[in-house]
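Down below is the structure, laid out as structure tokens.
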Amino acid sequence: MTTTVDRAPAPADPGPPVPRRRRRRRLVALGFLAPAVLGFGLFFAYPLVATVFFSFTRSDGLNPPEWVGPRNYVHLVTSDPVAHTAAANTLWLVVVLTVLRVVFALGVASVLARIRRGAGFFRTVFYLPALAPPVAATLAFVFLFNPGTGPVNAGLRAIGIDSPPGWFTDPAWAKPSLTLLMLWCSGELTIIILAALLDVPTELYEAAALDGAGAWSRFRHVTLPSIAPVLLFGVVNSVILALQFFTQAVVGGSVASGGAEMAGHSKNLGWPGNSTLTFPAWLYQQGFRYFNMGYAAAMCTVLFLVSFACTVVLIRRLRSAAGTGEAR
């Protein structure tokens, strides 16, 4: 009589040790992230570090740079009146363009949100100007707002305004003309705000209406808090757009003066009377016309720091406002 001995099943293979597994997962993750990391390093981190370094040098882009310390920054702050004028123009655009662009996009989106018939057509019409190339759009606006032969002033004269604005030929109206151009091309922000408006729950409006809230109260206490993050995005986007305002200002001033040449190399840059000269345009002139690469790098660094500071301040203000609202 034979007896069988029950044997315990063989233990399952535990696989590689935990540290080795974690290391393998990290390597796989790094492999997938490698293109993005390399792109970030090559096209953002390295240029940023190089720009900061060259901002402390005298360089023309051809000869070896010469270390001059903070001299470029001192010259920018104390000895370059044209840069001060350009910075003032850019600040004007930051304030006025940001406010008007967000308000205009919100107003148009509010109207589009209430349209029931032909909504797709009207949304397309308001979005199409955003697809126009900046140079072509600026050329069209300079033609439309030509003080002598443009159809805009012709229409103003037809309704009894005998002395219409000079638009791009008048220092007092040049920046407002550029602002009108940017409002016309604000279709992207309009569509983004429209999507946020359509996403607001209708139950909130119904509850507010039952409590006796009018149209303005519903807009103030329901709509604005619901779309506040999108409005913040619009403000940050508009501030950065104004700080980097270049193409429209250069093309508009150059074409209106009748002396358009290569982009950024017009003899009439900032025409009329430096009213369209923005900080990025003067930066471009310093770097690629006068070959003051070190000074241009200092201007780039200042522009980056201002953009970063504005973004941080706006985000913190929104967070503090949101925290106050939740506490209430």
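The values are calculated or read from the model by the stated rules, or taken from the named source; none is laboratory data. Bear in mind that the values here come from a model prediction, so they are computed numbers and not experimental data. Positions of Cβ are backbone-derived with ideal geometry, glycine not excepted, and every protein chain shown enters the neighbour counts. Only protein heavy atoms, including side chains, enter the accessible area calculation; ligands, DNA and RNA are left aside. Shrake-Rupley method; radii C 1.70, N 1.55, O 1.52, S 1.80 Å.
Here are the numbers for the structure shown:
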| quantity | calculated |
| --- | --- |
| Estimated [θ] at 222 nm from DSSP helical runs (n ≥ 4, -39500 (n - 2.57)) normalised by residues in the chain, nearest 500 | -21000 deg cm²/dmol |
| Over the range 18-160: Kirkwood hydrodynamic radius from C-alpha pairwise inverse distances, Å | 22.2 Å |
| Accessible area expressed per residue, the range 64-183, with surrounding protein chains retained (probe 1.4 Å, Å²) | 55 Å² |
| Semi-axis lengths (Å, descending) of the ellipsoid that matches the C-alpha gyration tensor of the range 178-225 | 29, 12, 6 |
| Shape box of the chain [Cα atoms, principal axes, largest first, Å] | 124, 72, 39 |
| Nearest-0.05 FRET efficiency for Asp170 and Arg71, computed from C-beta distance (R0 41 Å) | 0.60 |
| Label-to-label distance, nm, for residues given as Ala207 and Leu48 (7 Å Cα→Cβ offset) | 4.1 nm |
| Amide H contacts of Thr57 (H built 1.01 Å from N, under 5 Å, at least 5 apart or other chain) | Val68 |
| The range 131-289 - percent of accessible surface contributed by carbon and sulfur, probe 1.4 Å | 64 percent |
| Most to least accessible of Trp282, Trp67 (protein chains only, probe 1.4 Å) | Trp67, Trp282 |
| Orientation-averaged projected area, Cα convex hull of the range 67-106 (nm²) | 3.8 nm² |
| Computed accessible area, Val28, all protein chains, 1.4 angstrom probe, square angstrom | 80 Å² |
| List Tyr127, Tyr46, Tyr73, Tyr290, ordered by accessible area with a 1.4 Å probe, largest first | Tyr46, Tyr290, Tyr127, Tyr73 |
| Volume of the Cα convex hull of the range 88-187, divided per residue and given in Å³ | 122 Å³ |
| Residue-count net charge about Ala213 - beta-carbon cut-off 15 Å; Lys, Arg +1, Asp, Glu -1 | -1 |
| Heavy atoms of Thr190 accessible to a 1.4 Å probe, total area in Å² rounded to 10 | 10 Å² |
| Distance between modelled label sites at Val135 and Val111, nm, 7 Å Cα→Cβ extension | 3.2 nm |
| Helix 293-327 axis, angle to the chain major axis (alpha carbon atoms, nearest 10°) | 70 degrees |
| By average C-beta atoms within 10 angstrom, highest first, the peptides 291-303, 49-61, 234-246 | 291-303, 234-246, 49-61 |
| Cβ-Cβ FRET estimate between Tyr127 and Leu27, R0 fixed at 41 Å, reported to 0.05 | 0.40 |
| Compactness of the range 71-135 as Cα Rg over 2.2 N^0.38 Å, two decimals | 1.82 |
| The range 150-295: C-alpha pair distances exceeding 25 Å, % | 52 percent |
